[in-house]
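The values are calculated or read from the model by the stated rules, or taken from the named source; none is laboratory data. Being a predicted model, the structure only gives us computed values, none of them experimental. Don't worry about glycine lacking a Cβ; one is built from the backbone with ideal geometry, like all the others, and counts go over all protein chains shown.
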């Protein structure tokens, strides 16, 4: 896991340049920095010999699922200063919601610029101690967390196995992993794998209410816990 230096990402030139976006999250107005033209990352990728998995241009987009998940995370009540890690943080909206909810969040992604952007967004919104690291799901660190957060990370079925491996390694006993998904077909495949490897599932809809099943095109928050866990992170939706 590679630690990142503290520097402004705006000093780095990116395809399409940088922009800012303001939005409300509960009672808090946030302003985040993000790529102005995320599609240009895909266009740049098409002109190179590398694969999407090597660079992952999708971190640059502000996906709707992250906003839906951020609202639920922000509205939930967590143990004060509980430690959390965000996997595939992108620009950091879900992790920022977790900071607002009182969690101590580590931003992680396998794209260094994504982590740097997420950390800067936390700093810009008053969380000046926020930190992040580059993390490879296939080689997670030994450190564990009671809370794992991730949004829109199930789109590629080939990433399901390394993601489950990372969750297995990083989740502390009694902890929970929260995964936000916009209703992609790949989510059902992921859940089948998760159940086969001993995970217990709870699903919530966009309003934070219990949902019985997945539905294409509709947001679901997937909460994973080990079947053998006796205790779990206490929170109220």
How many of the residues in the range 49-83 are more than 15 Å from residue 114 (Cβ to Cβ) and at pLDDT below 85? 3
Keeping to the range 187-208, report how many residues are touching a residue at least 12 places away in the same chain (Cβ under 8 Å), surrounded by fewer than 20 Cβ atoms within 10 Å (Cβ to Cβ) and more than 23 Å from residue 95 (Cβ to Cβ). 6
Can you tell me which condition residue 167 does not meet? The list is (1) surrounded by fewer than 19 Cβ atoms within 10 Å (Cβ to Cβ); (2) touching a residue at least 40 places away in the same chain (Cβ under 8 Å), and all the others hold. (1)
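Would you check if residue 214 is in contact with a strand residue (DSSP E or B) (Cβ under 7 Å, 6 or more places away or on another chain), over 21 Å from residue 147 (Cβ atoms), surrounded by 15 or more Cβ atoms within 10 Å (Cβ to Cβ) and free of Cβ contacts under 8 Å to residues at least 60 places away in the same chain?
Values: in contact with a strand residue (DSSP E or B) (Cβ under 7 Å, 6 or more places away or on another chain): yes; over 21 Å from residue 147 (Cβ atoms): yes; surrounded by 15 or more Cβ atoms within 10 Å (Cβ to Cβ): yes; free of Cβ contacts under 8 Å to residues at least 60 places away in the same chain: yes.
Answer is yes for this residue.
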Hey, any hits in the range 41-48 for a residue that's buried (at least 16 other Cβ atoms within 10 Å of the Cβ), touching a helix residue (DSSP H, G or I) at 6+ places or on another chain (Cβ under 6 Å), modelled with pLDDT of 90 or more and over 18 Å from residue 148 (Cβ atoms)? no
Condition first: buried (at least 17 other Cβ atoms within 10 Å of the Cβ) and at positive phi. Now tell me which residues in the range 98-153 satisfy that. 152
Subset tally (residues that are in contact with a helix residue (DSSP H, G or I) (Cβ under 8 Å, 6 or more places away or on another chain) and not in a strand (DSSP E or B)) for the range 137-155: 11
Can you list residue pairs whose Cβ atoms sit under 8 Å apart, with the first residue in the range 8-27 being under 15 Å from residue 61 (Cα atoms) and the second being at pLDDT below 90 and in a loop (DSSP other than H, G, I, E, B)? Count only pairs 6 or more apart in sequence or on different chains. 16/38
